[in-house]
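Trainee: Dropping the structure in here first, questions after.
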Amino acid sequence: MMKLTSEDLAIRLLVIDKDPMFAMGLCSLLEKQPQIRAASRTPQEALAIFQDQNPTVDNVAQTNGAHVDIALLDPAQFDLVPLKLMVGLRAKLGICSAISYTNDLSTTLARSCLSAGFRGVLPRSIGLDQLQNAISVVHGGATCIDPIFANLFEAAQPMATASRPRDLTDREIYVLKSVAFGKSLKEIGLELALSSKTIETYKARGSSKLNLQGRRAIVEYAIRNGWVQSEERFG
């Protein structure tokens, strides 16, 4: 059996920021955590790759020659809406997970990011230890939302008059949680050895029982009911 090295187990991070010096400095600080390997790009460089119909190995985001696991970026620095930004990250850079790291504390941006499939929503005011911890949480497959954003959701949205979770089957809860975490129906189906059509049925049944319409409503329900863990619980 091949033995995994520390490089094989490393979290490979791409920091995208309009200030190259800030991005490089942040990479240097984050790499003080033994398991993190970081590289940086500007939004312009990332957009150039998005627009390249045939991106080469050299210009695709990499850290030490390996593809990136997570992108850390401020969506407010892009002209693209979060959904198109996430599509570009996945299609052109092969990055499946992204964390919004921003000074924009609006509920609108946070919701848009979560609906687009971002796995983390963090303010730039958090400490380095909290940021490193959040990166580890997202790499582990969970969604990490700073309490400031969770509080914004609670203030903006009253508790839905929905059915209690006990009315859901275990399979429906699993599917809805996975959807809230940003997983696609195909990914959930592979985990459960079921077809995407069957997963869609579980999602529809669970959503109907909770009176939820669309992924955004599922994400907000998950936040309010503790399905999506906020960053403070990992500190």
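Trainee: Taking the condition assigned to a loop (DSSP other than H, G, I, E, B) and modelled with pLDDT of 80 or more, does A142 pass?
Mentor: Taking the combined requirement at face value, the residue satisfies it.
Trainee: Return a yes/no flag: does the range 122-143 have any residue that is touching a residue at least 40 places away in the same chain (Cβ under 8 Å) and over 20 Å from I36 (Cα atoms).
Mentor: Checked the range 122-143: no residue is touching a residue at least 40 places away in the same chain (Cβ under 8 Å) and over 20 Å from I36 (Cα atoms).
Trainee: When the residues of the range 98-147 are narrowed to those that are crowded, with 23+ Cβ neighbours inside 10 Å and of a type in the set (S, T, N, Q), which ends up farthest from I218 (Cα to Cα)?
Mentor: S100
The values are calculated or read from the model by the stated rules, or taken from the named source; none is laboratory data. Being a predicted model, the structure only gives us computed values, none of them experimental. Because the Cβ atoms are built from the backbone with ideal geometry, glycine has one as well, and the counts that use them run over all protein chains shown.
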